[in-house]
Amino acid sequence: MTDFRIEGKNLTFWVTVKPKSSRERLSTSSSGELCLAVHAPPVEGLANQACVRLLAESLGLPKNSIAIVAGRRSRRKLIRISGNACAGALSKLKALAGEGRSNR
């Protein structure tokens, strides 16, 4: 299960990114971990940029409020959302992940 941490005005959580996916979406695996599928290949940071863009669009946040804190060269990434909207982002993340539940 995904562990969300709110510290002050920061929300951090782990996500597994699947690059070169045919469909972009946010879902959860059978173990409850957040998964993010993006079209971009894992070359020259393109998948990382797509990850930030997709999260920003899905949560209605500016891209500069979302950062990859750890895992830039890995499929598993630690994401930090900064700012006043982190509590609202948490509820949106849970709702979006619930809607896109995966059957892996």
TODO: Restricting attention to region 26-41, report how many residues are at pLDDT 90 or above and assigned to a loop (DSSP other than H, G, I, E, B).
DONE: 4
Open item on the list: Given the criteria without any contact (Cβ under 8 Å) to a residue 24 or more places away in the chain, closer than 19 Å to F4 by Cβ and either touching an Asp or Glu at 6+ places or on another chain (Cβ under 8 Å) or surrounded by 16 or more Cβ atoms within 10 Å (Cβ to Cβ) (or both), does I81 qualify?
Closed with: no
Task: Members of region 45-83 found to be part of a loop (DSSP other than H, G, I, E, B), modelled with pLDDT of 90 or more and farther than 18 Å from T12 by Cβ, listed by number - done: G45, R73
TODO: All but one of (1) part of a helix (DSSP H, G or I); (2) in contact (Cβ under 8 Å) with a residue 40 or more places away in the chain hold for K92, so report the exception by its number.
DONE: (2)
Task: Among (1) among the hydrophobic types (A, V, I, L, M, F, W, C); (2) over 24 Å from C86 (Cβ atoms); (3) free of Cβ contacts under 8 Å to residues at least 12 places away in the same chain, the one test that A56 misses - done: (2)
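The values are calculated or read from the model by the stated rules, or taken from the named source; none is laboratory data. From a predicted model like this one, the values you see are computed outputs, not experimental measurements. Reconstructed Cβ throughout: ideal geometry from the backbone, glycine too, with neighbour counts over all protein chains shown.
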